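Notes follow once the structure below has been shown.
The values are calculated or read from the model by the stated rules, or taken from the named source; none is laboratory data. For clarity, every value in this text was computed on a predicted model and none was experimentally measured. As a convention, Cβ positions derive from the backbone with ideal geometry for all residues, glycine included, and neighbour counts pool all protein chains shown.
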């Protein structure tokens, strides 16, 4: 079955969390508040094989195996627009936008034959899926696949980095295994979130201090935007903790995280 799709630049999908390659996360470190989002994928899932190739795997105490999707993410609430979205609903970094934005609506962590499942348009989105729109998917294959292949290739290149991080965290933060096991039992997909500073430390990034200096004002702004908003308390808690960690990496000792802006 053919599937049609055309982006109408409505900006309606440019809200909430945005999964990134590490290359794109680093390039936009002074724009997005970055967190590391871990999603456990059971061995019974049709996505397990690909996630295991692009991410990592872990064996639980009961010997069950989990695939681990570990993704640098622009970690913002679903109610907030992307920091790059302009008042006219157009992207302010269109020419250099992340691979994830270029590949939409396709998803690189899913086998090509299952991509039809991610082509549904959410309520309120103004994507053109009429027969007048280009055919983007047919015979279980993606048409005009250059952007999809480029994102997939970037993810493959970053696998050693992601696995080094997973090994470090599982060794030095053993409670993370319990959290992942619990998340994997949820009916709906669930995840846990760790800090960018832990990733920079685990991978011994040579420019960790400079990246921390760029990320710190972004986290400080995020702290202010979520303060005294009970519905955003989870995000606020993460931002405050991450800003403290980033100030340490940046070798800055503010009296409070709000002084970093």
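Some observations on this one:
- Among (1) at positive phi; (2) touching a strand residue (DSSP E or B) at 6+ places or on another chain (Cβ under 6 Å) - the single one residue 16 does not satisfy: (2)
- Test for residue 215: is it within 21 Å of residue 71 (Cβ to Cβ) and surrounded by 15 or more Cβ atoms within 10 Å (Cβ to Cβ): yes
- If you go through the range 149-166 and keep only what is under 18 Å from residue 205 (Cα atoms) and free of Cβ contacts under 8 Å to residues at least 12 places away in the same chain, you end up with 157, 160.
- 3 or more residues more than 16 Å from residue 70 (Cβ to Cβ) and either at pLDDT 95 or above or not assigned by TED's automatic domain parsing to the domain that holds residue 68 (or both): qualifying helices (runs of 4 or more DSSP H) within the range 119-210: 146-157
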